[in-house]
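The structure under discussion appears below in the form of structure tokens.
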Amino acid sequence: MTTEQTRTETLNQTKYLWWQHGVIYQIYPRSFQDSNGDGVGDLKGVTSRLDYLQWLGVDCIWLSPIYPSPMADFGYDISDYRGIHPLFGTMEDFDELLHETHNRGMKLLLDLVPNHTSDQHPWFLESRSSKDNPKRDWYIWHDGGENGALPNNWLSVFGGHAWEWDEQTQQYYYHAFLKEQPDLNWRNPEVQQAMLDVMRFWLDKGIDGFRVDVMWHMIKDEQLRDNPPSPDSIYNADDLIYDHYNPVYSTDQPEVHDIVRMMRDLTDQYDDRVLIGEIYLPIQKLVTYYGLDNKGAHLPFNFQLLTLPWDSARIAAAIDEYEGALPVQGWPNWVLSNHDKPRISSRIGRSQAKIAALMLLTLRGTPTIYYGDEIGMRDVAIPINEIVDPQGLNMPDLNVSRDPSRTPMQWSSEINSGFSQNKPWLRLPYNSGRVNVETQKSNPYSMLAFYRKLIALRKESAALNIGAYSPVYSDQQLISYTREFGDEKFLIILNLSHRPCYFKPRNNASYKGTIVLGTETERVGMQVEDIITLAGDEGLLIRLY
Ligand code: GLC
């Protein structure tokens, strides 16, 4: 049965939407394709690669920020929510990209960064101009305590205090990230309306939805109470490292759900759009972002696979905890890598990268692929004097720069791997002449061939894209589960270890089927029955009969 057929069919009276059965692909625009030779990727570059994305089979592109920005945090510090940064091109370039994306039957999502603006945004320039400026309350200003003491102990995610003293107006303002990224005061209804207007502007243009940056940060404790030290902290208070405290008062406040709901209500005024939230929280808290009656985010990003140790027992437990915690009608989703974290192939190693892909694309829920993961790109070693990420620069002793996972897409064996005619803003790895789209396209054993096949199988099978999930069993090496819809059923077995193992059904269960995809291409087409042997790092997708 194909997705096309099931689109109009119902399972438990639910109609499945594009963002439920489709695959999302994240593009970090600075690093995808440079079209004008300045070493930085741009919108025309993305447009020129749409045919590749269509060939790969993804359904939706999410672009990290492309708006005007002083680039203190590479675009996550926005100075105009309705424009395009000249580095990336013009509004015409954007319109063309949107048009061409839609022409190919794909969707386009933008990043919305509502928690903070750039300190150069006109709103902040006004707000900081005087204490009685009408926009003063659009940001979070506070008097100092005795002898200029800070309002509380909150720290910036990027290290140091989260309060910045403003000499001119003699108050502090709050910034969860850089001091160049002051936090908006979302308790102010004017801020709410202004940001909803921004959303309307882009939705009216026809974009298909938003990925909302740091959704769980948007509202802070009204009393600004001190955060308690985290019991697991390996730091001292004086280190001023964010993880020293448990951010119970600066993030994930109950009122944030009212804001998310407002955003959702607006999104729902348009047909078929999606609202995704970036949220790093434990599962039980994460699922609250689906909102009451499922009127919160459509997809609160689920980062379990990106944060948990790569251990079969831990991962299996997390999958089931997540499945068990989802609200009725809450749709799951999975992410392996993004622009803030190490790439999957660096975190778990090359040998497990295909297992991870198989997991991402066969678990129940919407998968998000990070550009380059489909060719097994790894984090690139960036010499310390070439680091540009503020997180890395602010905490040089912790080796937390995000540059390594943001390097240019490796397209070909040409100069700069086909990314740019000139020196790219971040360096390429030494092996980019070998590890790239061009070489992998013609190699049936490549990571790219594997991803493409997997995406295609997922697309044509309702069992894989919307079917029910049931765990079979897991042990210290493997994870196994089934996906099922109508009379179609798959068994997925993943060996998360480097040693061989076997799958041995329990409770007299019996499984017979054909391998339709595996990490070892040679095994495809083979029949298997009951006790199934796996090599180290092997994963199998088996059609049962
Ligand atoms: C989000 C973004 C990250 C950015 C931060 C501040 O976590 O993904 O890249 O630095 O928000 O905007």
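What order, most packed first, do the peptides 313-321, 343-351, 263-271 have when packing is the mean number of other Cβ atoms within 10 Å of each residue? Before the final figure, lay out the partial values.
Values: 313-321: 17.1, 343-351: 19.3, 263-271: 14.4.
With the highest mean Cβ count within 10 Å placed first, the list reads 343-351, 313-321, 263-271.
Note down the nm distance, to one decimal, between modelled labels 7 Å out along Cα→Cβ at D530 and at E460.
Result: 3.2 nm between the two label points.
Using DSSP to define loop residues, name the chymotrypsin sites (Phe, Trp or Tyr not before Pro) in segment 384-487 whose beta-carbon has at most 16 other beta-carbon atoms within 10 Å.
Answer in residue order: Y430, Y445.
Expressed in nm to one decimal, what extension gain is obtained for the pair D397 and E190 from 0.36 nm per residue of sequence separation less their Cα-Cα distance?
Using 0.36 nm per residue and subtracting the Cα-Cα distance, I get 70.4 nm.
Relative to the present Cα-Cα distance, how much length would full extension add between T439 and R506 at 0.36 nm per residue of separation?
Full extension of this stretch gives 19.8 nm more.
How far apart, in nm, are the 7 Å Cα→Cβ label points at S129 and Q421?
Placing both labels 7 Å along Cα→Cβ, they lie 4.3 nm apart.
Taking the mean number of other Cβ atoms within 10 Å as a proxy for protection, how do you rank 17-23, 491-497, 290-296 from highest to lowest?
For the peptides 17-23, 491-497, 290-296, the packing ranking is 491-497, 17-23, 290-296.
Can you classify the chain as rounded, prolate or oblate using the Cα gyration tensor, where a ≥ b ≥ c are the square roots of its eigenvalues, rounded means a/c under 1.5, and otherwise it's prolate if a/b beats b/c and oblate if not?
Judged from the Cα gyration tensor, the chain comes out prolate (a/c at least 1.5, a/b above b/c).
Among S156, L110, H121, which residue has its Cα furthest toward the positive end of the charge dipole of segment 105-169, with +1 on Lys/Arg Cβ and -1 on Asp/Glu Cβ?
L110
Among DSSP beta bridges lying fully in the chain, give the percent that are antiparallel, nearest 5. Numbers along the way, then the final one.
Details: 41 of 64 bridges.
Antiparallel bridges make up about 65 percent of those DSSP assigns within the chain.
Please give every one of the lysines within straight-line cross-link reach of K131, meaning a C-alpha to C-alpha distance under 30 Å, and leave out same-chain neighbours fewer than 8 residues apart.
Filter leaves K179, K220.
If I model a spin label at D293 and L150 as a point 7 Å from the Cα along the Cα→Cβ vector, what separation in nanometres do I get?
For the pair D293/L150, the computed spacing is 4.2 nm.
Which links in K295/K459; K107/K453; K44/K341; K15/K489; K354/K504; K135/K295 stretch past 24 Å when you go from one Cα to the other?
K295/K459; K44/K341; K135/K295
So what is the accessible area of the chain per residue, in Å², with the probe set to 1.4 Å?
With the other protein chains kept in place, the chain gives 39 Å² per residue.
The values are calculated or read from the model by the stated rules, or taken from the named source; none is laboratory data. All of these numbers come straight from a predicted model, not from anything done at the bench. Glycine gets a Cβ as well: all are built from the backbone with ideal geometry, and neighbour counts include every protein chain shown. Side chains included, ligands, DNA and RNA excluded: accessible areas come from the protein's heavy atoms. Shrake-Rupley method; radii C 1.70, N 1.55, O 1.52, S 1.80 Å.
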